[in-house]
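In what follows, a structure is listed as structure tokens, so that the remarks can point back to it.
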């Protein structure tokens, strides 16, 4: 009997590769999988498609350290071997960071992921600008209802550098809205500017699912 | 070497629709990394420039061949640059940033040499736009005091180089893969020994395929025709003798965003036996050279493995004439049984024999069959030497319907030499015959899915063909002929598309232009012409105004029948089909026309 494998993997998309759209990313990952001679399962039907599912698209231009994908493979394959062989076919700016064999059935990534975290780095001129920006976002901004948590962390060496860690909702419910990154970024740049601060960097840091009221990464639950 | 840094690169991409076009770092890139080169002067840097967007250029086989050939050499490094789309162009101009290469983001004017690949005439203005975006003077005479970059062009639309000649230091006419290395060897010496540009050009103009515009002078009669070309020396087209000495590209660069042809390409044959009298490629790519199927099978397997494509295209001008086609495709499919790989044959001439090949490659989903009768009557097809028999074609379509095909694509040309009413009517008659056939053969349940795509193109007489002397129909006549076809077509099942005759007219004047036409190309560019092959950009008025301003009569090049004994501007290029052969073929066409219903 042929043994099947399901693997969940996490990949990054940084530097120039953040400029690829979701469809462009999917095409390149699929081609890399073919080159790596990974025996991927195909869907049945008129136009068979490889069974590879991706997490929700990240906006073009936003670097990410945490894109996820599930793949169905027609043979027994260790996740670590999968990672090593596919990374030979990818550039380090878009490559697999971690992979795990899926043993017990898990819900699809698209349906399961409820939060994404983002990191913003700003340079401030005046003391307390960070707190002011933080407060404006969670009290008066239209984004307040789409933010699960927001933390302010001062850089240990340079006190003019402030990091904001934001966790936003990716799913709509009665109690919250969906966090829209591009809209938020526009507002955040405007807000920072009004507080003599400059947005220096930002990226998507992680994606989370909910298990027993706790935030877990999609790889922690497999 | 000056390069664009990453933060400036990011600023340029703000608001750009498809930034993936410009990021580079694809899987399979082969250019040298400039950080690792100790002595930059010991290497020659070549910018392979393609005057259209990334998705189009990355589908071009010539670019992939030259990229691999040059980069396989230790002393040479080739990087790619494509036309920026209008959004990036606006950002480049706004920020006064020069155009840059994809790999190392080297500014274009920093390269030792820029080589443009000219695929068709409607790309000429994009070439000038790229030179302008590189901050370079357009005309070679205005770049004489600069040692670099040297600017050259090649490719199928360089076969008559004259309308682009004032902009180029030199051209490569014909196959590039062999001569490019010889040229770069000389360029390396030019760089190391700090030689003059004239020295470089006088060395390379001895090579087959190299045309240096400053070597030639043209003299004209008062009526505008050529009186004399000096010196009386021909530029012989560069020809690769044995294609088997040049492997197909087995590790192509994988485009980061989906190219227009997203597939592995295997060139099985160069040149064509057929000799259709309207077809420029049929004459200029001679002699016919083939690759051995045996070698191709293993190279294709390697290529598919290296690239990860799920489609392969066997490329040639007429794949049905490739003797080992059946063997090649069957062997390839057998070896790839367990993979999901589809095969495409873009130039398969269909008859009862090749239909079995079409069946082999479309075994699952039958996508459609393409026929190119090109003309509506047998006489007209004889005149143009398109050897397709109507009954055979209809029989083939009938078998195809029986085997389950429901989609047929048909290519025709109008405005052909010696054409008359019957030829125009003949086109609609063929379509009517096919729909009648479908009603007979296809069961009622399937008839509804019948789909006949009719593509009508205006004939554009081209240099180096037996019709190079022929006048092109005026826009009004072409529109009238097309209207007649459209009005008489069956309404059901048939979709018709047609090329803009205004564009064909500009294509014609550029294809048959002399060196003066370059003034109009420059005017058109200055008036905003670019991406002329994109219907949303092509502006006929811009071109008409440009020709007016340059005081050039378009009709002299398009609507006039040239004398057989006239010196053609491109006569100094040896393709090497002789002018005598073209004249002989021209006379044959004429005598067929005269023998039949007294065509003029």
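The values are calculated or read from the model by the stated rules, or taken from the named source; none is laboratory data. Please read all numbers here as calculations on a predicted model, not as lab measurements. Cβ placement follows ideal geometry from the backbone for every residue including glycine, while neighbour counts extend to all protein chains displayed.
When A:112, A:72, A:81 are checked against the criterion of being free of Cβ contacts under 8 Å to residues at least 24 places away in the same chain, over 30 Å from residue B:16 (Cα atoms) and more than 14 Å from every other protein chain (Cβ to nearest Cβ), A:81 stands alone in meeting it.
Of the residues making up the range A:40-53, not one is touching a residue at least 12 places away in the same chain (Cβ under 8 Å), in a loop (DSSP other than H, G, I, E, B) and within 9 Å of chain B (Cβ to nearest Cβ). Is it true that residue A:83 is within 30 Å of residue A:32 (Cα to Cα) and crowded, with 19+ Cβ neighbours inside 10 Å? For residue A:83, the condition - within 30 Å of residue A:32 (Cα to Cα) and crowded, with 19+ Cβ neighbours inside 10 Å - is met.
The set of residues in the range A:182-199 being closer than 19 Å to residue A:59 by Cα, touching a residue at least 12 places away in the same chain (Cβ under 8 Å) and exposed (fewer than 13 other Cβ atoms within 10 Å of the Cβ) consists of A:182, A:183.
If you check B:434, B:384, B:456 for being modelled with pLDDT of 95 or more, over 29 Å from the mean Cα position of the chain (by Cα) and surrounded by 15 or more Cβ atoms within 10 Å (Cβ to Cβ), only one passes: B:434.
Of the residues making up the range B:200-226, those that are in a loop (DSSP other than H, G, I, E, B) and within 17 Å of residue B:512 (Cα to Cα) are B:223, B:224, B:225.
Given the criteria in contact with a strand residue (DSSP E or B) (Cβ under 8 Å, 6 or more places away or on another chain), within 14 Å of chain B (Cβ to nearest Cβ) and over 29 Å from residue B:338 (Cα atoms), does residue A:63 qualify?
For residue A:63, the condition - in contact with a strand residue (DSSP E or B) (Cβ under 8 Å, 6 or more places away or on another chain), within 14 Å of chain B (Cβ to nearest Cβ) and over 29 Å from residue B:338 (Cα atoms) - is met.
Quick grid of which residues meet (1) closer than 22 Å to residue B:373 by Cα; (2) more than 18 Å from the chain's Cα centre (by Cα); (3) away from every other protein chain (no Cβ under 14 Å):
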position	(1), (2), (3)
B:278	yes, no, yes
B:282	yes, no, yes
B:285	yes, no, yes
B:294	no, yes, yes
B:298	no, yes, yes
B:301	no, yes, no
B:304	no, yes, no
B:307	no, yes, no
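Of the residues that make up the range A:183-206, is at least one over 20 Å from residue A:132 (Cβ atoms) and assigned to a helix (DSSP H, G or I)? Yes, the conditions are met somewhere in the range A:183-206. Within the range A:207-222, being more than 16 Å from residue A:64 (Cα to Cα) and part of a strand (DSSP E or B) holds for A:209, A:210, A:211, A:214, A:215, A:216.
Considering only helices (runs of 4 or more DSSP H) fully contained in the range B:493-571, which possess at least 3 residues that are within 22 Å of residue B:229 (Cα to Cα) and modelled with pLDDT of 95 or more?
Per the criteria, B:501-511, B:517-526, B:554-558.
Do we have residue A:11 as buried (at least 19 other Cβ atoms within 10 Å of the Cβ), more than 9 Å from chain B (Cβ to nearest Cβ) and more than 16 Å from residue B:258 (Cβ to Cβ) here? In short, yes. With the structure loaded, tell me whether residue B:316 is crowded, with 19+ Cβ neighbours inside 10 Å and within 14 Å of chain A (Cβ to nearest Cβ) or whether it fails that test. Against the criterion (crowded, with 19+ Cβ neighbours inside 10 Å and within 14 Å of chain A (Cβ to nearest Cβ)), residue B:316 does not qualify. Is it the case, given these coordinates, that residue A:33 is within 11 Å of chain B (Cβ to nearest Cβ), at pLDDT 95 or above, in contact with a strand residue (DSSP E or B) (Cβ under 9 Å, 6 or more places away or on another chain) and assigned to a loop (DSSP other than H, G, I, E, B)? It is false that residue A:33 is within 11 Å of chain B (Cβ to nearest Cβ), at pLDDT 95 or above, in contact with a strand residue (DSSP E or B) (Cβ under 9 Å, 6 or more places away or on another chain) and assigned to a loop (DSSP other than H, G, I, E, B). Give the range B:219-228 a look and list any residue that's surrounded by 13 or more Cβ atoms within 10 Å (Cβ to Cβ) and in contact with a strand residue (DSSP E or B) (Cβ under 6 Å, 6 or more places away or on another chain), or say none. Within the range B:219-228, B:220, B:226 meet the criteria.
On the given criteria, is residue B:310 closer than 18 Å to residue B:244 by Cα and surrounded by fewer than 21 Cβ atoms within 10 Å (Cβ to Cβ)? So residue B:310 does not fit the description; no.
In the range A:164-181, the residue that is surrounded by the fewest Cβ atoms within 10 Å (Cβ to Cβ) out of those that are outside any loop (DSSP other than H, G, I, E, B) and in contact with a helix residue (DSSP H, G or I) (Cβ under 9 Å, 6 or more places away or on another chain) is A:176. Of the helices (runs of 4 or more DSSP H) lying entirely inside the range B:1-109, the ones with 1 or more residues being away from chain A (no Cβ under 14 Å) and buried (at least 20 other Cβ atoms within 10 Å of the Cβ) are found at B:54-57, B:61-71. Please go through the range B:347-366 and pick out each residue that is within 25 Å of residue B:308 (Cβ to Cβ) and either in contact with a strand residue (DSSP E or B) (Cβ under 7 Å, 6 or more places away or on another chain) or in a helix (DSSP H, G or I) (or both). Hits for the range B:347-366 are B:360, B:361. What number of residues within the range A:86-100 satisfy the criterion of being assigned to a strand (DSSP E or B) and buried (at least 20 other Cβ atoms within 10 Å of the Cβ)? The total comes to 2.
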